[in-house]
Each structure stands twice: as C-alpha cells, then as structure tokens.
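Enquirer: This is the structure I want to talk about, given as structure tokens.
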Amino acid sequence: MHSIVDAIPMSVVTTFHIIACLMLIFFVLIQDSKGGGVFGSSSQSILGPTGAPTLFAKLTRYTAVLFAVTSIVLTIQTSPSSKSATDTYVPPASIEKTPDTPAEPVKSEDQAPAPAPKKGK
C-alpha cells in the first residue's frame, strides 16, 4: 500500500485536501441544525424544507471521508523512510573491555601478613 500512496503526487493530494477542508466547512455551516443553523431558522432553503438536510448530510459525510483519506495519505507521504531511530543506528567501534572481576592483589614473600585485630575489654 505504501507504494500506491507514493505514486500519487503530493501536490494533487494537498489540492484535494484543501478543497475537502473548504467543502466540509461550507457543508457544516449551511446545514440546518436543531438550534436554527448559522443563517437562522428559516424553512425556506435552497432545496426545500425536507430535501436539504439529507442531501447536505450525505455531502458532509462524503466530504468528511475524503478529508480523512487525504489526511492519512499526506501523513504516509510525509513520514520518514526509516521506521525507527534504531534502524539507522551504527554502534561505535568496539573498545577492548576490561574484565568484570577485580584482579587479586599480588602477594609477595617480602610482605608480612597484616596483624590480627586485638580484642579489647
């Protein structure tokens, strides 16, 4: 699916997206609402009192779907090609590690053992 989305030029999708935005705003504002609508509660609309709400409701629905599809396509087109920051991570050159356990102290015969602690009263 990603290759199908990349085949469509971004300028075409952006144009459809802007048109869908403007149409959606227009259709939402022109509809009669329960509160009287933006332009008042007149029963004389362009397409008649019963035909307008269903027609504008359908046009609003289709325009909203077009808006959602163009939003998704634009998101996919503008996303970076790599999926994660770890996909392009290059680890640094390996450094020689020191052993995890500490080295034992070297005992020489010249050293006398430490005196035992004295027990006091």
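The values are calculated or read from the model by the stated rules, or taken from the named source; none is laboratory data. Please read these numbers as outputs of a predicted model, since none were measured by experiment. No Cβ is skipped: glycine too gets one built from the backbone with ideal geometry, and neighbour counts run over all protein chains shown.
Enquirer: Given (1) aliphatic (A, V, I, L, M); (2) at pLDDT 70 or above; (3) within 41 Å of the chain's Cα centre (by Cα), identify the lone condition not met by Ala116.
Expert: Every listed condition holds for Ala116 apart from (3).
Enquirer: Now for a different question. Restricting the search to region 8-29, which residues are touching a helix residue (DSSP H, G or I) at 6+ places or on another chain (Cβ under 6 Å) and farther than 12 Å from Thr63 by Cβ?
Expert: Result: Met10, Val13.
Enquirer: If a residue must be among the hydroxyl-bearing types (Ser, Thr, Tyr) and either modelled with pLDDT of 90 or more or surrounded by 14 or more Cβ atoms within 10 Å (Cβ to Cβ) (or both), how many such residues does region 12-34 contain?
Expert: 2
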